[in-house]
Amino acid sequence: MSVQNEIRRLTAPDIRARKGGEPIVSLTSYHAHTARLLDEHCDVILVGDSLGMVMHGLESTVPVTLDMMILQGKAVMRGSRRALVVVDMPFGSYEASKEQAFMSAARVMKEAGCGAIKLEGGRRMAETIRFLVERGVPVMGHIGLTPQSINTIGSFRAQGRDEADWGPIEDDARAVTEAGAFSVVIEAVAEPLARKITADIAIPTIGIGGSAACDGQILVLEDMLGLSPRVPKFVRRYGDIGPAIGAAVAAYAADVRARAFPGPENVYPMRTKGKSGAS
Ligand code: KIV
């Protein structure tokens with residue numbers, strides 16, 4: 001076997017080995033340019049099906065297709081070199097049977113070239129996770145709030161805020177771990193429960209609205225940059241790039257209207273006789 005790349009990408013086993021160690025840094029990305037910016041800081045880049053809302057203005061992740069995920073997965077792979085790229089399996093591409101899940105996951109991994117996939121669901125997906133892992137597909141689980149189930153759960157409410165509700169969520173975490181997932185996203189779960197699950201299971205937990213005690217954290221990039229109009233409580237804004245984009249676009253519009261753009265430095269003069277090249 002020959003070695004193709006100088007820079008070795010992180011793998012699912014590398015992330016699995018980080019249990020209880022240095023926190024795992026992850027963010028979502030759907031584009032080559034943002035993936036390039038994230039790559040030196042993030043261990044995991046998730047091509048999340050949140051792209052349905054963020055890129056396409058959809059109301060939920062339900063309409064997102066496998067083709068959409070593969071297209072953006074390819075872009076993120078082209079933009080990154082070091083981080084493990086995980087691509088979300090969209091609603092309807094894996095729930096019907098473990099065979100359906102394998103065919104969809106194999107397409108994602110072959111066509112996008114990513115290192116792992118993520119799917120939503122605990123106990124109900126355990127058999128599928130095991131089937132995929134046994135056949136060479138690294139799986140990141142996703143428990144707690146599972147947004148693809150919005151039409152059955154009815155709202156994006158935090159889970160496990162009454163101790164009486166902890167049992168099924170803990171069972172989900174155990175089921176995903178025993179099935180062979182290399183890590184698990186815990187979304188919008190009461191802090192003490194996310195902390196307890198992290199202490200109890202053997203694989204890294206990646207919190208989003210979980211706990212600082214989780215083995216890693218993930219946020220949707222556009223949420224933490226201040227680009228999303230509405231964000232859940234668990235988002236901390238690390239930037240406010242919306243106004244910067246608005247100001248840049250306003251300056252551009254004013255220049256275009258005043259015929260101040262393009263300037264002499266932005267246009268191509270005629271070639272001087274005897275010289276060549278376009279720079
Ligand atoms: O789709 C997504 O962006 C996600 C993260 C929020 C974990 O699943």
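Details
- Count of segment 41-62 residues which are farther than 24 Å from T205 by Cβ and exposed (fewer than 15 other Cβ atoms within 10 Å of the Cβ): 4
- Only one of D172, D223 that is among the acidic types (D, E), under 22 Å from G52 (Cβ atoms) and not in a loop (DSSP other than H, G, I, E, B): D223
- Scanning segment 116-139 for residues that are small (G, A, S) and within 20 Å of the chain's Cα centre (by Cα) gives A116, G121, G122.
- Figure legend. Inter-residue proximity from segment 160-189: first residues free of Cβ contacts under 8 Å to residues at least 40 places away in the same chain and among the hydrophobic types (A, V, I, L, M, F, W, C), second residues crowded, with 21+ Cβ neighbours inside 10 Å and assigned to a helix (DSSP H, G or I), beta-carbon distance below 7 Å, spacing 6+ or different chains. Indicated pairs: W166/L193.
- Selected residue (criterion: farthest from the ligand (Cβ to nearest atom)) from residues of segment 36-51 that are more than 21 Å from P90 (Cα to Cα) and in a loop (DSSP other than H, G, I, E, B): E40
- Among the conditions (1) more than 24 Å from S228 (Cα to Cα); (2) more than 15 Å from the ligand (Cβ to nearest atom); (3) outside any loop (DSSP other than H, G, I, E, B), H33 misses just one, which is (1).
- Only one of the listed residues (F131, F156) is within 16 Å of the ligand (Cβ to nearest atom), touching a residue at least 12 places away in the same chain (Cβ under 8 Å) and open to solvent by 10 Å² or more (accessible area, probe 1.4 Å). That residue is F156.
- The single residue among Q100, Q72 that is under 16 Å from the mean Cα position of the chain (by Cα), among the polar types (S, T, N, Q) and in a helix (DSSP H, G or I) turns out to be Q72.
- Pairs with Cβ under 6 Å, 6+ apart, first in segment 235-263 and closer than 20 Å to V220 by Cβ, second open to solvent by less than 60 Å² (accessible area, probe 1.4 Å) and assigned to a helix (DSSP H, G or I): V235/D223; Y238/M224
- Residue within segment 179-198 that is open to solvent by less than 60 Å² (accessible area, probe 1.4 Å), of a type in the set (F, W, Y) and within 16 Å of the ligand (Cβ to nearest atom) present: yes
- The one condition from (1) away from the ligand (no atom under 16 Å from the Cβ); (2) surrounded by 15 or more Cβ atoms within 10 Å (Cβ to Cβ); (3) within 22 Å of V137 (Cα to Cα); (4) of a type in the set (G, A, S) that A96 does not meet is (2).
- Residue within segment 261-277 that is surrounded by 14 or more Cβ atoms within 10 Å (Cβ to Cβ) and among the acidic types (D, E) present: no
- Taken together, the residues in segment 227-260 that are in contact with a Phe, Trp or Tyr (Cβ under 8 Å, 6 or more places away or on another chain) and part of a loop (DSSP other than H, G, I, E, B) amount to 1.
The values are calculated or read from the model by the stated rules, or taken from the named source; none is laboratory data. Here the structure is a predicted model, which means the values were calculated and not measured. All Cβ positions, glycine included, derive from the backbone under ideal geometry; neighbour counts span all protein chains shown. The protein model used for the area step is the full one, side chains on, heavy atoms only, and it has no ligands, DNA or RNA in it. Shrake-Rupley method; radii C 1.70, N 1.55, O 1.52, S 1.80 Å.
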